[in-house]
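The block underneath contains the structure these notes are about, expressed in structure tokens.
Every number here is computed from the coordinates shown, using simple stated rules; none is lab data. From a predicted model like this one, the values you see are computed outputs, not experimental measurements. Here Cβ is always computed from backbone atoms with ideal geometry, including for glycine, and neighbour counts include all displayed protein chains.
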Amino acid sequence: MLQELTIQEFLEELAARKPTPGGGSVAALSGALSAGLVSMAAAFSRNQDFSEQARTLMKTLTHLVDRDAKAFASRDLKEATRVPLQTAKHSYAVLKLAGALLEICNSKVITDIGVAAKMAEAAVKGAMLNVEVNLASIGEEDFKREILEEAEEFSCPDSLAKMIIDNIETRLR
């Protein structure tokens, strides 16, 4: 399982001339890293609820690292579309949690929240690229419509991430 590898081992697997892990697993890992930062920032802000929510998202996204590789290897395009969709959805939840935490956090962790926001944004955008490339190869219009409707809420994380970063930069001045 990819999630059981050391960082160095994962990077070696990623750099190898193999189809997996690939961009989908990296997007899920980016989301998990973001959630870990949000959990840490919440803990330093004495917000146990936010910390636990972020840890739950971290575990879900970590699981998606392996699920993405398995979905790709299975050659099931629908599953290979659903998994990165889940990565995008959960990473967007991390981004929203980061934004909410920023309003009430310990001022010493605001830059950690900023890094988390940018990682979550990258996770959403990367996962959505995989959704889009897979949808292009699927002929079922109902399935495509269903996926795109579900993705509508979180397919453009840019404005929320920008708002978080702008807030942080204003505080740092």
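Details
- Residue (of V133, L101, G31) at the positive-pole extreme of the range 1-135, dipole from beta-carbon charges: V133
- Phi angles of the range 18-23 translate, via the Karplus equation with coefficients 6.51, -1.76, 1.60 and θ = phi - 60°, into HN-Hα couplings of 9, x, 9, x, x, x Hz per residue; Gly and Pro are given as x.
- Partner lysines whose Cα lies under 27 Å from the Cα of K89, excluding those fewer than 8 positions away in the same chain, are identified as K18, K59, K70, K78, K118, K125, K144, K162.
- Karplus-derived HN-Hα couplings along the range 139-145 (A = 6.51, B = -1.76, C = 1.60, θ = phi - 60°), whole Hz, x at Gly and Pro: x, 6, 5, 5, 5, 4, 4
- Contour excess over end-to-end distance, with Cα ends at R46 and K108 and 0.36 nm allotted per residue: 21.1 nm
- When K118, K78 are sorted by how many other C-beta atoms sit within 10 angstrom of their C-beta, beginning with the fewest, the order is K78, K118.
- Fewest neighbouring Cβ atoms within 10 Å first, the residues R145, R82, R173 line up as R173, R145, R82.
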